[in-house]
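Only the coordinates and a few stated rules stand behind these numbers; no lab work does. What you are looking at is a predicted structure, and each value in this text was computed from that prediction instead of being measured. All Cβ positions, glycine included, derive from the backbone under ideal geometry; neighbour counts span all protein chains shown.
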Amino acid sequence: MKEDANSVASLMLWTNPYIPKVRSRPDRILNEESARFSEERREEFFALKKRYSEVEIEVGSGSGQHLLTRAEEDPTTLYVGFELRFKRTFRTIEKAEERSLSNVFLIRGDARRAGDLFSRGEVRACYMHFPDPWSKNRWRKNRMLMQRTFVEQIVKLLQPGGTFSFRTDHLLYFREALKVLRSTEGLTVSSLTEDLYGIRCSESKDSPPPEKTPPTPSSEFEALFCSQRLPIASCLCRRLSTKDFSA
């Protein structure tokens, strides 16, 4: 009993060591505190954005592999990742500095508050690759792409002609999200497949044959699922020009 009590006490005293690390890097990380962003830090972030010609964002940037790869390919664009976990947030910035990438910035917070940080039509591209599928029925309400208000917010932030990329290994989630994306005003699905790497071609009319030259996996999750021979569903959406819909 004494050992159990000590274990409980240890858990109660434990604090995430990455919380202070994230807080120590306001130059590279905007941290959400008590469901809000510091006004001073927001202003610093706004000033940072002005130094770049374009901005792209990733919702759930995870370990940062995709974000860092994009940043290496285009140093004139600012790449901003939204990530809830402190360790992943801090480690992404560490990796960016190891690669001498100054055009990577992290938001340690909820991507549903993106409207507080970006202006209408400011974002060139948004990526949402392999989000948590929340597969149990009681958790499905947490699926961000099933929340129309979130999708509509992303559409408003995208430039006319800007793109939204969604990938997942969870086919049911993909098909349900696709219904929301297709029915959202101002957004059109320009390409999609339920088998990006040709692992298993679906007979669904909504899933044309995979690309002749499959892309290189863009993240650790994507590489893992490919190694496990799991089909990856992918769609690319494009924001219509404002004249084509009531923005």
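Each peptide in 38-44, 124-130 gets a packing score, the mean of other Cβ atoms within 10 Å over its residues, and the list from highest to lowest is 124-130, 38-44. With both labels modelled 7 Å from their Cα along Cα-to-Cβ, the Ser183 to Tyr18 distance reads 3.6 nm. A simple spin-label model places pseudo-atoms 7 Å from Cα toward Cβ; at Glu122 and Asp74 they are separated by 1.7 nm.
Peptides 166-175, 26-35, 114-123 ranked from most to least packed by the mean count of surrounding Cβ atoms within 10 Å: 166-175, 114-123, 26-35.
Calculated FRET efficiency, Glu43 to Arg175, Cβ-Cβ distance, R0 = 41 Å: about 0.45 to the nearest 0.05.
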